[in-house]
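Please read the structure below before turning to the comments.
The values are calculated or read from the model by the stated rules, or taken from the named source; none is laboratory data. In this text, all values refer to a predicted model and were calculated from it rather than measured experimentally. No Cβ is skipped: glycine too gets one built from the backbone with ideal geometry, and neighbour counts run over all protein chains shown.
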Ligand SMILES: Cc1cc2nc3c(=O)[nH]c(=O)nc-3n(C[C@H](O)[C@H](O)[C@H](O)COP(=O)(O)O)c2cc1C
């Protein structure tokens, strides 16, 4: 253990204490992908795995948490989507299993959901898409934040990770733990965000080609072939239908999504759909398209959600090797910076 490792440990200390793991590296929840195998492997390797509940009904989440617990005695979290119709039941399932950390994604969480999670004693992590919202989330009782930029895979906001980090970290990082996500592919970037005040990071794309990850081999091959410029955001084709963009590798599905938007916009026009239902339909569409690619291996008509760091995914390898490499790179970067002459 050299100086770089010591410094890394120090910079991550609040994060590791908050999460209860060795490295403050969260495996960002990925629908269909972040299930028992990947989640337990990340936690067993010293990171912090997070189950993606996505569109799962409560019974399935119940089984998934129990199965994950059977594969690791380390802490892990559960990611719930705020717009899930059974959110209350899902929160209760987490409580039943004493899940230590709940991540709420998909929009600002309601006070009711926050209270319910806190009453059960779990630590609550939420996404802060802007400084004002970060402060609001803190006031509402959220324990830690993820600041995720548009380089990330999956649903994205409009602002880059580097800008969000500069905007939010100096004002919030001292008061609560903040994890940075989006576009992180190497340890040097982890070191940089830690030096800016983050207590840890969250990565998704880098874990997709882990040996333990159940994603179909076609999905993994697409990642191994993909470059940063291939991971593009979906385009909103109708201004009346605000859809959250999704970053994925370019394929035929990109066009199918335009057609789906036209279909839903048409139903909105005819008054056959309410806006909330229209948006839910779009979300179901994504869940289905992602499943086709991840589980069935249909990487033509399915959605290959991937972040811009996809170009840094070089091989299929065990989670422990991915984490060890990230840690070594971060420690080396910190050593180098400490040794640079003034
Ligand atoms: C295939 C895929 C699926 C994802 N699904 C979800 C999800 O269901 N819920 C969520 O909060 N984030 C989801 N994400 C975002 C990740 O949790 C994570 O924040 C993101 O991947 C971090 O950025 P990176 O991809 O640049 O590492 C997904 C990302 C990917 C690549």
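Filter segment 187-213 down to the residues that are more than 12 Å from the ligand (Cβ to nearest atom), closer than 16 Å to residue 37 by Cα and surrounded by fewer than 23 Cβ atoms within 10 Å (Cβ to Cβ) and list them by number.
Once the filter is applied, which keeps residues that are more than 12 Å from the ligand (Cβ to nearest atom), closer than 16 Å to residue 37 by Cα and surrounded by fewer than 23 Cβ atoms within 10 Å (Cβ to Cβ), segment 187-213 yields 211, 212.
Would you mind telling me which numbered condition in (1) in contact (Cβ under 8 Å) with a residue 60 or more places away in the chain; (2) closer than 14 Å to residue 243 by Cα; (3) surrounded by 18 or more Cβ atoms within 10 Å (Cβ to Cβ) residue 284 fails?
Among (1) in contact (Cβ under 8 Å) with a residue 60 or more places away in the chain; (2) closer than 14 Å to residue 243 by Cα; (3) surrounded by 18 or more Cβ atoms within 10 Å (Cβ to Cβ), the lone unmet condition for residue 284 is (3).
Which ones in segment 25-47 are more than 19 Å from residue 105 (Cα to Cα) and in a loop (DSSP other than H, G, I, E, B)?
45, 46, 47
Of all residues in segment 163-177, which are touching a helix residue (DSSP H, G or I) at 6+ places or on another chain (Cβ under 9 Å) and either under 25 Å from residue 233 (Cα atoms) or within 8 Å of the ligand (Cβ to nearest atom) (or both)?
Those that are touching a helix residue (DSSP H, G or I) at 6+ places or on another chain (Cβ under 9 Å) and either under 25 Å from residue 233 (Cα atoms) or within 8 Å of the ligand (Cβ to nearest atom) (or both): 164, 165, 167, 168.
Only one of these is within 12 Å of the ligand (Cβ to nearest atom) and not assigned by TED's automatic domain parsing to the domain that holds residue 12: 253, 283. Name it.
283
I'd like the full set of residues that are free of Cβ contacts under 8 Å to residues at least 60 places away in the same chain, more than 16 Å from the ligand (Cβ to nearest atom) and touching a strand residue (DSSP E or B) at 6+ places or on another chain (Cβ under 9 Å), limited to segment 9-39.
Matches in segment 9-39: 21 only.
What is the number of the single condition among (1) more than 24 Å from residue 55 (Cα to Cα); (2) part of a loop (DSSP other than H, G, I, E, B); (3) more than 13 Å from the ligand (Cβ to nearest atom) that residue 108 does not meet?
Unmet condition: (1).
Please pick out the residue among 258, 278 that is in a helix (DSSP H, G or I), surrounded by fewer than 16 Cβ atoms within 10 Å (Cβ to Cβ) and more than 23 Å from the chain's Cα centre (by Cα).
Going through 258, 278 in turn, just one is in a helix (DSSP H, G or I), surrounded by fewer than 16 Cβ atoms within 10 Å (Cβ to Cβ) and more than 23 Å from the chain's Cα centre (by Cα): 258.
From 99, 78, 50, grab the single residue that is touching a strand residue (DSSP E or B) at 6+ places or on another chain (Cβ under 6 Å), touching a residue at least 24 places away in the same chain (Cβ under 8 Å) and not in a strand (DSSP E or B).
99 is the lone residue from the list that is touching a strand residue (DSSP E or B) at 6+ places or on another chain (Cβ under 6 Å), touching a residue at least 24 places away in the same chain (Cβ under 8 Å) and not in a strand (DSSP E or B).
Looking for whichever is away from the ligand (no atom under 11 Å from the Cβ), outside the structural domain of residue 242 (by TED's automatic domain parsing) and either over 23 Å from residue 226 (Cα atoms) or in contact (Cβ under 8 Å) with a residue 24 or more places away in the chain (or both) here; the options are 328, 300, 277. Which one fits?
328
Return yes or no: is residue 14 assigned by TED's automatic domain parsing to the domain that holds residue 322, more than 14 Å from residue 331 (Cβ to Cβ) and surrounded by fewer than 22 Cβ atoms within 10 Å (Cβ to Cβ)?
Yes, satisfied.
For segment 19-34, what are the residues that are crowded, with 21+ Cβ neighbours inside 10 Å and farther than 30 Å from residue 296 by Cα?
Within segment 19-34, 19, 21, 23, 24 qualify.
Can you pull out the helices (runs of 4 or more DSSP H) entirely within segment 154-240 that have at least 3 residues that are more than 20 Å from residue 14 (Cα to Cα)?
Correct list: 161-172, 217-225.
Based on what the data block shows, is residue 137 within 11 Å of the ligand (Cβ to nearest atom) and crowded, with 22+ Cβ neighbours inside 10 Å?
no
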